[in-house]
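Report on one structure; see the data block that follows.
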């Protein structure tokens, strides 16, 4: 065998290895697009996942059927995993084996049969007021005393994101109450009962007298927050979901642990257009009065804020009822978003560019792009305050807007409504 033949043989081997490697990478990519769990409305349904010619190459076969879990057994530790769903309404579960050409296994998927829900689509601006579950520590700071010395009494004791629940056994629900407890300590040590990432701990702090003669511990704190967003839906029982993402502290970046909150009516009064590198914003006014309350906030979760509306029957008369879509029913292509940016709630055209059925970030299940000329003229695309705007496709509500691409205001992320309904 001459040198040329050896060279050709070596190239063929490399080419073969490359093809095999590409095949394995392609299979891994396909598997990565298939979710581990899905919901359907009819028993025995075999959902399409790719909504293109590739579906013809994928075979689906029911592998295992699992009986429904009785209502009385829900919540037990030994409940069968495949019989669980997030909203607890499973009627039947089964497993589907997806394979390529019927020969190459791709993934085993657990499918739960749940009733298709209907919700009233929102799209209206809301004022949000949240009260933290305890007084949240933002950071520590130095205290200057009367003799010019500087101390940081709480440094390396409390941490950003801690929630101070009580001082020397006295409950502290507000920062004013915390300040009062510290200033009246008389220079004695204080025991702070703190919630740190769910762990209850006690910390000892020794306040110092500042240059004005007041005892301080050098802790910057916050006990509430407020802002403007968009209502996503209200279900037929008057329960609402909004924003499509949780509310985090602006300084610590951590999801706020709340004791409750209130939804108020809000009005958009001006629009700051988004541009490349600069996210826009809906500037509005929140009507903080009893007559403008529209709901009580009960939960602040990664996938949105949730609670119960006030005066639901009257509210529903102004909203339209939609069927909800399961995530595998969402397809790339035209859709609309429902939002209020110019005084009236209306639909604007968007395009769903990418769908992530198995994404690790629940708030980024799809990528959307605003195509509506009117909305682009008004806002430049997606802006802060539009989070929670319902995404509609094929007569159903499929999700909600969550984030904007900072470098391209026309584009942003959305969450599947299935994820919000299963909170």
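The values are calculated or read from the model by the stated rules, or taken from the named source; none is laboratory data. From a predicted model like this one, the values you see are computed outputs, not experimental measurements. Counting neighbours? That spans all protein chains shown, and the Cβs are built from the backbone with ideal geometry, glycine included.
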Being at positive phi and modelled with pLDDT of 90 or more is true for just one of 244, 277, 229. Which residue is that? 244
Inspect region 370-393 for any residue being in contact with a helix residue (DSSP H, G or I) (Cβ under 6 Å, 6 or more places away or on another chain), over 24 Å from residue 272 (Cβ atoms) and modelled with pLDDT of 90 or more and give the result as yes or no. no
Being in a strand (DSSP E or B) and over 19 Å from the mean Cα position of the chain (by Cα) is the filter; apply it to region 232-267 and report the residue that is surrounded by the most Cβ atoms within 10 Å (Cβ to Cβ). 266
Strands (runs of 3 or more DSSP E) wholly inside region 298-405 that include at least 3 residues being in contact with a strand residue (DSSP E or B) (Cβ under 7 Å, 6 or more places away or on another chain), outside the structural domain of residue 254 (by TED's automatic domain parsing) and in contact (Cβ under 8 Å) with a residue 24 or more places away in the chain: none
Say we look at region 162-204 and pick out the residues that are surrounded by 16 or more Cβ atoms within 10 Å (Cβ to Cβ) and in contact with a helix residue (DSSP H, G or I) (Cβ under 8 Å, 6 or more places away or on another chain); which of these is modelled with the lowest pLDDT? 172
Filter region 406-420 down to residues that are assigned to a strand (DSSP E or B) and in contact with a strand residue (DSSP E or B) (Cβ under 8 Å, 6 or more places away or on another chain) and give me whichever is farthest from residue 326 (Cα to Cα). 409
Run residue 270 past the list (1) under 16 Å from the mean Cα position of the chain (by Cα); (2) free of Cβ contacts under 8 Å to residues at least 24 places away in the same chain and report the number of the one that doesn't hold. (1)
Quick one: which strands (runs of 3 or more DSSP E) sit completely within region 102-213 and have at least 1 residues that are within 24 Å of residue 250 (Cα to Cα), touching a residue at least 40 places away in the same chain (Cβ under 8 Å) and under 30 Å from the mean Cα position of the chain (by Cα)? 125-140, 163-167, 190-196
